[in-house]
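Q: Can you keep this structure in mind? I'll have questions shortly.
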Ligand SMILES: [Zn+2]
């Protein structure tokens, strides 16, 4: 019902569907937690973004922070997630009935992808979305001010950053 109301609102305002959505409260508390986990801007932090992908806009419902699954993920200062911890994530997804719809990590500086961000997608699956939040997430992190990239497969990415909330929409209702 709530997502129906969002759809109706978008239709009334003449907006096409975004590719991915998140409740504003979920996004803001997740981003605040990412900022906290940089330990005073001394290291990057990141999270898997779990939710639903039912054919319409992907829906982010939960942040699962890398260092909660792999306690050493942030040790080097650059996010590095150990693949042998992934079964813990899959088990969590199974319990919730969610999938990994996107990922997010913070950068010390801008929101462009690094060479390793491009070379190692968190989920190497076409359609996976990666967000990059600049400045250790110390400022407001809204669509338009964050990096938004879609993995196309075969090492290729599409940059959706300039599409802002047309691509990633923060919702109030659902
Ligand atoms: Zn990066």
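Q: Only one of 95, 58 is on the phi < 0 side of the Ramachandran plot and in contact with a strand residue (DSSP E or B) (Cβ under 6 Å, 6 or more places away or on another chain); which? Before the answer, list the steps.
A: On the way: 95 fails: in contact with a strand residue (DSSP E or B) (Cβ under 6 Å, 6 or more places away or on another chain).
Answer to the check: 58.
Q: If you scan the stretch 111-121, which residues turn out to be part of a loop (DSSP other than H, G, I, E, B) and within 10 Å of the ligand (Cβ to nearest atom)?
A: Let us first name the residues in the stretch 111-121 that are part of a loop (DSSP other than H, G, I, E, B), namely 111-114, 120-121.
Correct list: 111, 112, 113, 114, 120.
Q: Something else: Which residues, counting only those in the stretch 123-142, are touching a residue at least 40 places away in the same chain (Cβ under 8 Å), within 15 Å of the ligand (Cβ to nearest atom), more than 17 Å from residue 19 (Cβ to Cβ) and not in a helix (DSSP H, G or I)?
A: 133, 141
Q: Another question, if that's okay. Can you name every residue in the stretch 41-55 that is closer than 22 Å to residue 81 by Cβ and in a loop (DSSP other than H, G, I, E, B)? I'd like the intermediate steps shown before the answer.
A: Initial filter on the stretch 41-55 (closer than 22 Å to residue 81 by Cβ): 41-51, 53.
Selection gives 41, 42, 43, 44, 45, 53.
Q: Name the residue that is nearest to residue 45 (Cα to Cα), counting only residues in the stretch 56-74 that are in a loop (DSSP other than H, G, I, E, B) and within 16 Å of the ligand (Cβ to nearest atom).
A: Only one residue fits best here, namely 74.
Q: Test residue 31 against the stated conditions and say whether it is within 20 Å of residue 137 (Cα to Cα) and more than 16 Å from the ligand (Cβ to nearest atom). Don't jump to the end; show me each part of the working.
A: Numbers: within 20 Å of residue 137 (Cα to Cα): yes; more than 16 Å from the ligand (Cβ to nearest atom): no.
Taking the combined requirement at face value, the residue does not satisfy it.
Q: A further question on this structure: Can you confirm whether residue 97 is under 19 Å from residue 41 (Cα atoms) and either more than 10 Å from the ligand (Cβ to nearest atom) or exposed (fewer than 12 other Cβ atoms within 10 Å of the Cβ) (or both)?
A: The answer is no for residue 97.
Q: On the basis of being away from the ligand (no atom under 16 Å from the Cβ), outside any strand (DSSP E or B) and buried (at least 16 other Cβ atoms within 10 Å of the Cβ), does residue 173 make the cut?
A: On the way: away from the ligand (no atom under 16 Å from the Cβ): yes; outside any strand (DSSP E or B): yes; buried (at least 16 other Cβ atoms within 10 Å of the Cβ): no.
Considered against the rule, which asks whether it is away from the ligand (no atom under 16 Å from the Cβ), outside any strand (DSSP E or B) and buried (at least 16 other Cβ atoms within 10 Å of the Cβ), residue 173 comes out as no.
Q: So which residues in the stretch 68-94 are exposed (fewer than 12 other Cβ atoms within 10 Å of the Cβ) and under 22 Å from residue 142 (Cα atoms)?
A: Hits for the stretch 68-94: nothing passes.
Coordinate-derived values only; no laboratory data. No experiment lies behind these values; they were computed from the predicted model shown. So basically every Cβ, Gly included, is an ideal-geometry build from the backbone, and we count neighbours across all protein chains shown.
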